[in-house]
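For reference, the structure is listed below as structure tokens.
Derivation of every value follows stated rules applied to the coordinates shown; laboratory data play no part. Owing to the predicted nature of the structure, the values given are computational and were not obtained by experimental measurement. Positions of Cβ are backbone-derived with ideal geometry, glycine not excepted, and every protein chain shown enters the neighbour counts.
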Amino acid sequence: MAGNFGGRRGGYKKTPKLSGRGVLEQVETDGPHVEWVGMPPYYIHMITVDGEQYSYMSPDKELEIELGKKVTFRYKETSKGKFIDKRSLGIVIDPSELGY
């Protein structure tokens, strides 16, 4: 009954996601795109954070984060570019800036 509690067979280790953080400088939106019948339309947001370009797919036409805000996210690098994971883009909350 003892098994491989590491999760994967053969000792293969999944590469961890990369994380990014910085100031949101620019957003360019492209879309709507529809891949196949029945799929809801989605938009591709080209996001610039601290001079680096990332792609983020979202069902929303407008990105709900204002320019100049500090953001954090998980992403992966491919041969086509850097892609931010779904629902991982968020605003950084710094307790020192809350003013309590």
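Yes or no, residue by residue, for (1) under 14 Å from GLY22 (Cβ atoms); (2) in a strand (DSSP E or B); (3) free of Cβ contacts under 8 Å to residues at least 40 places away in the same chain:
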site	(1), (2), (3)
GLN53	yes, yes, yes
ASP60	no, no, yes
LEU63	no, no, yes
LEU67	yes, no, no
THR72	yes, yes, no
ARG87	no, no, yes
ILE93	no, no, yes
SER96	no, no, yes
Result of the Cβ filter at 7 Å on the range 18-46, keeping first residues that are in a loop (DSSP other than H, G, I, E, B) and partners that are not hydrophobic (A, V, I, L, M, F, W, C), at least 6 apart or interchain, is VAL34/PRO41; PRO40/PRO59; PRO41/GLY31; PRO41/PRO32; PRO41/HIS33
